[in-house]
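What follows is one structure encoded as structure tokens, with my remarks underneath.
The values are calculated or read from the model by the stated rules, or taken from the named source; none is laboratory data. Predicted model only: the values in this text are computed from it and were never measured. Here the Cβ positions follow ideal geometry from the backbone for every residue, glycine too, while neighbour counts run over all protein chains shown.
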Amino acid sequence: MNKTFKAAVCGSLSTLLAAALPALLVAAILPATLHAQSASPSQPYVKTPPSGTSWTIDIRQVPRKAKPSATANGQTDPATAGNAEKAPATLPAVMPVRMESQYGQNKVRRELTIFSDSHREESFTIKGQLLRRYDGSDKVAVLQATPVFPALEWLASGSVYMGKEMLGDKECHKFRISAEYLQSLNWPAETPYFAWISVADRYPVQVQADESMYTYSDIVPFTKNVPLPEDYKAAVEQASRSQRALEMMRAQNGR
Amino acid sequence: MTMKPLSHPFALSRQKHSSGMALIITLSMIVLVSVATLAFFSMVTSDMKVESSRANRTKADLLAQSGSAHAMGQIINEITSPTFSVSTNFGDVTSYTPRYTTNAVPRRLISPALSLTDVGFVNLIRQSVPTADSAASTDATCVRAWDGRLVDTNRWSAPALLGTAGFTADSQLPNWVYVDGTAGATNTPSAKTIGRFAYNIYNIGGALNVNAAGYRDSIATDQMIYLKSSASGTDMTKLGAGITQADITKLTAFRNPDASTTDAYVDNIAGARHDGFLKTLSTSPESGDIFHQNLFSSRQDLLRYARTQNTAFKNITSSLTHFSRSLTAPNWRPITPAGSLIDYAAIADNPVSPNRNIPNVRFGSAGSFSHYDDSGEEITRSVKVGDPLIRQRFSLAKLGWLTPAGPSTEYFTNPGDGDAPIKSVFGLKWNVAAERWDYYGGETTAQSAIKTLAEVAAEATPREPNFFELLKAGILDGSVGSSLQPDGTDYASYYGSEDTRTVHKNKDLQLLRIGANIIDCADEDNYPTVIALNYSGLAMEVAGVEDLPYLQSVLMAGMREQDGTKTPVNLRLLSGDLVWVPVFYNPHRTSPATPVVGPAAVRFQAATGVITKVDYNGAGSVFPQPMTKDLTTLGTITIPKTAGGNSVYGFEDYRNAPKAALSNDATDPQRMDKLCNYVHPDTGLIVTNVDAAYANVKAFRIFSWQKEYTGSGKQTGSFNWFLKTPSSFLSNGIAYFFYPQQVNLVMRYQTPNGNWKTYATLGGNEAIPTSGMNGCKNDGVSSPTQTIRCGMHFNTGGLISHALLQVYYIYSFDPRTSRFGPVVNRFCDYGALPAMSYSTSGNSGAPPGLFPEAGKTAGIVSGSPTNFADVDGLIRPNDGWLGNTTNTIQTNPYRQTASATSLNVSHSSRPVLLQRPYQSVAELGYVFRDAPWKTLSFFDETSADSGLLDLFTVSEEPEITAGRYDLNAMLPPIKEGALSQTALDPYLGQSPFVPTLLSPATITTTASAYGSGTTAYAFSNGVPTSNVPNTLGNLVNFMSYNGLSTAGLDPVKFRREAVVRSLADVGQTRTWNVLIDVIAQTGTFPTAGAPAAGRFIVEGEQRYWWSVSIDRYTGKIIAQQLETVHE
């Protein structure tokens, strides 16, 4: 049982979050102590939590640069930088601000996303499939599952290791996005992508993806099953039939 | 006039000689007694001679029959010899597969005095000469016997199977085989000799059977198309210079006396063909009329007819026979095309191979099963273990049993009557609820796979393989299920997923679709035939190709508006509407007989699909919008059959150029002007964001920033918000990205019951959503980011986009299939709206414009007519590959222009739907193969479909027929006759039908190239070459013979295949037909002196012409006729 897991046994999730959040905020604001450059850790850099765990992710927007034209919600428009014309008012965006994940003992993961306008979206992940309702519909979409931890798609193949760094009280491996990867995406070279991964347990601690900052909680035990609603079950069954058909076809194709 | 009574002679005598009456009576009595006595003794003597003669004749009979059997043995020994055949045992049955291709043809072992290249002797294949028969002596038959009897050149020429000169020298004649009372046939005469015989064996398989051949005058061109499917369509005027059509009409008038009109004659031939041209009474399957036929019953009959009734025929008797038979059991076995990674020939006898050596596939169990003839009549057949699995070619006439509403009521009057026949013959069962055929094969539940012949043969209860199983057997396994390249090469613009490829790789699904296409090419209606395989409860449907608009591409445009009143650095984005515009195209040739029965409308929609995110992109993801958008909610775009009302275009309008659907209904929610508009932030007015030329184009709106965006960056205006243009937009241009999954865009047709069923897709198969489009590797983006760009390309776009120009497309290489795709390309205006300006040099951009002419080179390079390799590594050419890009030879439908904005809708290079029954098995070459711009191929040696020529036929023939002739007999005039009157273009109901025919030069060159002269395809210097077709399928290899380069063959595939169409239905390569001309003499040698030819005392003589048909693959005689020759 790792340290995070032990901690989770000792206190409730809210207690842990209450304790961790200030430290993370401090870590984000204050200059961290950068350890001497060390050898890159081995792949995979990030561990996937086992079933029977839960965690949360807080998301906030961080302006890339402080600009005179920065808007009330922190948005910056490079095109207006230095322009004398007065910028019009900016309308608030509806953005996700928090994600709560429960990975049940039954290997079903429920994720609740809370948006800035307080509306919530629920999704389930099971057997590599992501299930959520279509926009404005009760119909369930079965999609390719996304990584457990968002904003880290670039880490495995498009990162540069920067060494160890303390983030709050956690020693972390720090990575940045590679120029090559940015180029492959046809994105500007200066786009900031950083990740801090706990040295102790290889779970992410914090990720900056351009102007979004993701702060990850500790992984704590979750001892229940996650029930899958009936209409989601039906959608899974439908998808399973497709998969069975594909498997039959692959077997035929391999002959 | 009064007749004078005739005086009785005896009355006069009574008057003049009454006194001498007694004397006369006495003398008369003496005479009578004397005569009686003489008669008695004479009778005794005569009877002794008669008995002696009869005994000698009986002995001669027996000897002649023995001689015939001896000669026949030479042929059978050739078949069964391990030198010439590979034998395989099936219980008590043995098959003999020709060891080499040349062994498919009987060897020619004739007198050294004869030249094998002498065209006068091409029919002569064997003689009793020492070099051919070890029992043959050196004693010539032309040497007079002791009693002066001889068999000279004239007598040996009697069968008239040689050139008009016949045998001209004694040295050309056969020698005697002596029969010893104890040793049997021997080359040594002796005192024990009891007789002798000699023989010539002629190959009569290549000759025209006069009981089938020829057509009367005034045959219409469309009737000729039908007649060409049997020997009746062979142009007999090609057999000799002196033969006129009148002579042939005279023949038909004699032979078919009940057929006094051309219509009746065609009807008569239909019945005769059904009976194998073997019956004197035939019933037409078309009209039910009964026709009497005067069949020639012997060669002497035929010769007598030529000598006395139709003298023009005297000079062509060497090309005619009254007897020839062939098994309708196919003998196809695959050959391995050069360069193939799969050695089809080597594994043809391996049960795991789908492509088998057909004669060697045998029933593994005994029992009986139901066979159904073309009318659906049930015939019970019994088989034993080891019997051949396929005894007859599959009749394509049975396709008429299937209709879009289930079993045909024309064939099956009562509901349910057709269920058993259709399941047995096609393996299909009509699914009423789903309005489709489910594939059951031979099982009681819906199946996920089509069985191989070995699997069928191994079933416990014997049955015939069905239509789809035969397709699987006849189409090379490595040519179907092609997806990406075997080396796994991916292409930057490929737009799919592994699941897409899994569906494309499934061979049975492709075979099923080919089957559906075969059905739909020939049916009269325009409803696609839908057939499903069932994968554990999941039905995967495929639909046949019909004469309908197809989804050629989806144009992806990002309509947007900038604020033009501001300085560039302050540009405002007032709107952004991401739209898909489906572009439809019917690539088929205009048919003069477009079917009336068909869908009232078709429509485009997304069957499945979800978009998870869209964003602006100008060197960076900007204004992203996560979402879970259901593409199936975006509506439908319907095209009615007939233009009118609010629809600008009907089905027919999509034939001349790819184009979008247009609506005259200003309230139509799918119109561009309804989809692309915004509220101006300064004025509050609704502004249409599309040029007027595109306002009525029907589209789907994937996303509208102004109406749906919830992210950051929204700047407030007086009446609406807007977006500020990032600086990166100005320097890099702008496009849209969207992130799709499981997108299956489909075309659906309205069924007879009003339901909508999918008949084409741009993606995978909607039954498996994940087989749809799942993003792509877009050009310029090398990593699989699951994105699609929309809108004007970076380099050409500004910030304003109001038109459907220079945009990205999702397209398939061929609108009829998404195989090898779908793919994405940019900046190619090949079929947007308004219609692209077409030119003979090809429309701009990459495929699909140039893809129809893709040849045998690898890769897929933008702008080049390159091609994909099949699973077996072969790059099989597309239908248009024989054309060139300089416009001197036009084989690409996209290059056939009628005007600057319209393609030529009737050009011969366009695909064709016959929509009438097949009239040649090679008309399967019109059937779409479910691969881009490929039909079933009979025009090139790389063909993977050649087996179909042997496994299928246009109508049911009896197991033995007289209607075909041996392709492997060297009689070029016969092939000229077959090629003559062959139409290059299909009969599609034109009235009048005035086809272009194979030219005389093409006919003579082709016939000659096949098999005459010193160097030809099948024969060289009078002997078969390694190319000699040992199956009908090998005709496709002939099409690549370099000797045809001067034949003037048309570069358009469908026209080029006219050669195969002319030969495939009338030819056969399995059965050897020979006429054994044997003369046997009984007798002895004088006791004194040495036995020698000139000292043989002939006591009796008999001559037979024994016509025999032998199955080359079993050595069994399938038919024979012994004809006593009266000289």
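Assorted remarks:
- Hits in the stretch B:926-941 (condition: buried (at least 24 other Cβ atoms within 10 Å of the Cβ) and part of a loop (DSSP other than H, G, I, E, B)): B:Val927, B:Pro932, B:Trp933, B:Leu936, B:Ser937, B:Phe938, B:Phe939
- Against the test of being β-branched (Val, Ile, Thr), modelled with pLDDT of 90 or more and farther than 26 Å from B:Asp950 by Cα, the options B:Val905, B:Val921, B:Val861 yield a single qualifying residue, B:Val905.
- Residue within the stretch A:99-112 that is over 14 Å from the mean Cα position of the chain (by Cα), buried (at least 17 other Cβ atoms within 10 Å of the Cβ) and in a loop (DSSP other than H, G, I, E, B) present: yes
- Single residue of the stretch B:254-312 satisfying the filter (small (Gly, Ala, Ser) and assigned to a loop (DSSP other than H, G, I, E, B)) that is surrounded by the fewest Cβ atoms within 10 Å (Cβ to Cβ): B:Gly288
- Sole exception among (1) modelled with pLDDT under 95; (2) in contact with a Lys or Arg (Cβ under 6 Å, 6 or more places away or on another chain) for B:Val503, by number: (2)
So that you can scan it fast, the table gives a plain yes or no per residue for (1) modelled with pLDDT of 50 or more; (2) closer than 21 Å to A:Pro147 by Cβ; (3) within 12 Å of chain B (Cβ to nearest Cβ):
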{"site": "A:Thr33", "(1), (2), (3)": "no, no, no"}
{"site": "A:Ser40", "(1), (2), (3)": "yes, yes, no"}
{"site": "A:Tyr103", "(1), (2), (3)": "yes, yes, no"}
{"site": "A:Ser116", "(1), (2), (3)": "yes, no, yes"}
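To keep it simple, each residue is scored yes or no on (1) surrounded by fewer than 24 Cβ atoms within 10 Å (Cβ to Cβ); (2) of a type outside the set (Val, Ile, Thr).
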{"residue": "B:Arg916", "(1), (2)": "yes, yes"}
{"residue": "B:Leu924", "(1), (2)": "no, yes"}
{"residue": "B:Ser943", "(1), (2)": "no, yes"}
{"residue": "B:Pro958", "(1), (2)": "yes, yes"}
{"residue": "B:Thr961", "(1), (2)": "no, no"}
{"residue": "B:Met970", "(1), (2)": "no, yes"}
{"residue": "B:Gly989", "(1), (2)": "yes, yes"}
{"residue": "B:Pro992", "(1), (2)": "yes, yes"}
{"residue": "B:Ala1001", "(1), (2)": "yes, yes"}
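- Matching strands (runs of 3 or more DSSP E) fully within the stretch A:136-255 where at least 2 residues are more than 18 Å from A:Pro44 (Cα to Cα): A:140-144, A:159-167, A:204-209, A:212-216
- When B:Leu948 is tested against (1) crowded, with 24+ Cβ neighbours inside 10 Å; (2) of a type outside the set (S, T, N, Q); (3) more than 30 Å from B:Lys472 (Cβ to Cβ); (4) under 16 Å from the mean Cα position of the chain (by Cα), just one condition goes unmet, and that condition is (3).
- Test result for B:Lys238, basic (Lys, Arg) and either surrounded by fewer than 18 Cβ atoms within 10 Å (Cβ to Cβ) or without any contact (Cβ under 8 Å) to a residue 12 or more places away in the chain (or both): no
- Hits in the stretch A:135-145 (condition: within 21 Å of the chain's Cα centre (by Cα) and either more than 17 Å from B:Asn774 (Cα to Cα) or more than 7 Å from every other protein chain (Cβ to nearest Cβ) (or both)): A:Val142, A:Ala145
- Filter result for the condition that a residue is among the acidic types (Asp, Glu), in contact with a helix residue (DSSP H, G or I) (Cβ under 7 Å, 6 or more places away or on another chain) and farther than 30 Å from B:Thr101 by Cβ, over B:Asp438, B:Asp374, B:Asp417: B:Asp374
- Count of the stretch B:360-391 residues which are crowded, with 18+ Cβ neighbours inside 10 Å and of a type in the set (Val, Ile, Thr): 3
- Cβ-Cβ under 6 Å pairs, at least 6 apart or on other chains, the stretch B:450-463 side over 11 Å from B:Pro351 (Cα atoms), far side of a type in the set (Val, Ile, Thr): B:Pro462/B:Val383
- Residue within the stretch A:235-251 that is within 12 Å of chain B (Cβ to nearest Cβ), surrounded by fewer than 15 Cβ atoms within 10 Å (Cβ to Cβ) and of a type in the set (Asp, Glu) present: yes
- Flag for B:Val697 being over 30 Å from A:Arg132 (Cα atoms), over 43 Å from the mean Cα position of the chain (by Cα), in contact (Cβ under 8 Å) with a residue 60 or more places away in the chain and more than 14 Å from every other protein chain (Cβ to nearest Cβ): no
- From the list B:Asp673, B:Asp630, the lone residue that is out of contact with any Gly (no Cβ under 6 Å at 6 or more places or on another chain), surrounded by fewer than 21 Cβ atoms within 10 Å (Cβ to Cβ), within 14 Å of chain A (Cβ to nearest Cβ) and of a type outside the set (Ser, Thr, Tyr) is B:Asp630.
- Reported count of residues in the stretch A:46-60, each being closer than 17 Å to A:Tyr214 by Cα and assigned to a strand (DSSP E or B), is 7.
- Of the strands (runs of 3 or more DSSP E) lying entirely inside the stretch B:362-448, those containing at least 1 residues that are under 18 Å from B:Ala329 (Cβ atoms) are B:367-372, B:378-383.
- Criterion: small (Gly, Ala, Ser) and either closer than 30 Å to B:Gly478 by Cα or over 27 Å from the mean Cα position of the chain (by Cα) (or both) - qualifying residue of B:Gly367, B:Gly376: B:Gly367
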